[in-house]
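The values are calculated or read from the model by the stated rules, or taken from the named source; none is laboratory data. Remember, predicted model here, so these are calculated numbers, not experimental data. For neighbour counting, all protein chains shown are included, and Cβ atoms are generated from backbone atoms with ideal geometry for every residue, glycine included.
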Amino acid sequence: MNIVVAGYGFVGKAHALWLEYEHDVTIYDPAMGYGDIHTQFDKVDGVIICVSTPEGETGECDMSNVYNVIEKCDPGTPILIKSTISLEGWRLIKRAYPDEKIAFSPEYLRAAHAIDDFKSNNTMQIGGDSEFWVKTFDYSAVTIVSGFDVEELIMIKYLRNSFLASKVAFFNQVYDMCENTGIDYETVRNGVAADTRIGDSHTFVTQDRGYGGHCFPKDVSAIIASGHKSGTDLSILSEVQSYNERLKLAK
Ligand SMILES: NC(=O)c1ccc[n+]([C@@H]2O[C@H](COP(=O)([O-])OP(=O)(O)OC[C@H]3O[C@@H](n4cnc5c(N)ncnc54)[C@H](O)[C@@H]3O)[C@@H](O)[C@H]2O)c1
């Protein structure tokens, strides 16, 4: 199969590396020197979208890069979106391309360990029109679980990241409380994390304080923006976001 990987960052590189074992892979990422803005994907078997989806002006997920890649595809080309996308953006895509074969699969790798995470992450959840992609990845050790509802997958992706960001914020406050009361944070952290319902991931307080990185800030903003649009009270997350910003400013 001739597969285009659009967007050659952490996620795109991991996918290209994986697909190259079995398929012909063409990279498309003009900013990285692969193709140019006039490139069209003619006569390719499938397109995987791994482009950046940054925070928009009002906190929403800016999906213009995703739309840009979809516009380059011939009608009928199977498309797999691995970029993180919003509910509103997905609904726009479905309205604009009701008959196209578009699937979505959330990505959970961590930027700093992208390739290792990719190799060890042995389940890929996929929703939408996924038949082509289940066959395309059939050679690999990764288990593809299809049949998901795309909107549910979008929510799952955002809520996992938002929950973990909230956990980081919470433990930063616990850290301050320990500092202010002369109690050893490490002992408290270990004791709390020993409860397997809590666990020790995201309980470490770094010198940078709070959460940062590639995905948490923009994903928290995006789900808050989606909450506003749907009239949902996400005030807990809004406070997590404000607190995190205050922490960063105080540094
Ligand atoms: N990095 C992670 O750990 C991670 C984890 C899960 C999900 N994601 C999501 O996956 C997506 C990609 O993340 P990433 O970390 O690989 O981003 P990245 O910034 O490392 O790479 C994105 C690449 O897309 C390219 N790009 C932007 N617009 C393009 C366009 N119109 N056409 C072609 N290429 C274009 C950029 O030049 C860049 O090289 C994002 O939606 C992100 O939220 C990332």
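Here are the numbers:
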item	result
Selection status of T203, among the polar types (S, T, N, Q) and either in a helix (DSSP H, G or I) or surrounded by fewer than 19 Cβ atoms within 10 Å (Cβ to Cβ) (or both)	no
Where D45 falls short, out of the listed (1) within 18 Å of the chain's Cα centre (by Cα); (2) under 18 Å from E131 (Cα atoms)	(1)
Hits in region 1-18 (condition: within 6 Å of the ligand (Cβ to nearest atom) and assigned to a loop (DSSP other than H, G, I, E, B))	G7, Y8, G9
Region 206-251: number of residues that are within 22 Å of A112 (Cα to Cα), surrounded by fewer than 16 Cβ atoms within 10 Å (Cβ to Cβ) and more than 20 Å from the chain's Cα centre (by Cα)	4
Residues (in contact with a Pro (Cβ under 6 Å, 6 or more places away or on another chain), in contact (Cβ under 8 Å) with a residue 40 or more places away in the chain and part of a loop (DSSP other than H, G, I, E, B)) located in region 41-64	none
Flag if R189 is modelled with pLDDT of 95 or more, surrounded by 12 or more Cβ atoms within 10 Å (Cβ to Cβ), in contact with a Ser or Thr (Cβ under 7 Å, 6 or more places away or on another chain) and not assigned by TED's automatic domain parsing to the domain that holds E55	yes
Cβ pairs under 6 Å, 6+ apart, first in region 182-210 and at positive phi, second outside any helix (DSSP H, G or I)	R209/K251
Extreme residue, nearest to the ligand (Cβ to nearest atom), among residues of region 147-184 that are surrounded by fewer than 16 Cβ atoms within 10 Å (Cβ to Cβ) and not in a helix (DSSP H, G or I)	D149
Criterion: assigned to a loop (DSSP other than H, G, I, E, B) and among the aromatic types (F, W, Y) - qualifying residue of Y21, Y67, Y28	Y21
Region 227-251, residues that are out of contact with any Gly (no Cβ under 7 Å at 6 or more places or on another chain) and polar (S, T, N, Q)	S230, T232, S235, S238, Q241, S242
Qualifying residue in region 89-102 (condition: within 19 Å of S130 (Cβ to Cβ), part of a loop (DSSP other than H, G, I, E, B), basic (K, R) and more than 10 Å from the ligand (Cβ to nearest atom))	yes
Residue in region 69-79 that is at negative phi, free of Cβ contacts under 8 Å to residues at least 12 places away in the same chain and within 9 Å of the ligand (Cβ to nearest atom) present	no
Any hit, region 42-65, residues being within 10 Å of the ligand (Cβ to nearest atom) and on the phi > 0 side of the Ramachandran plot	no
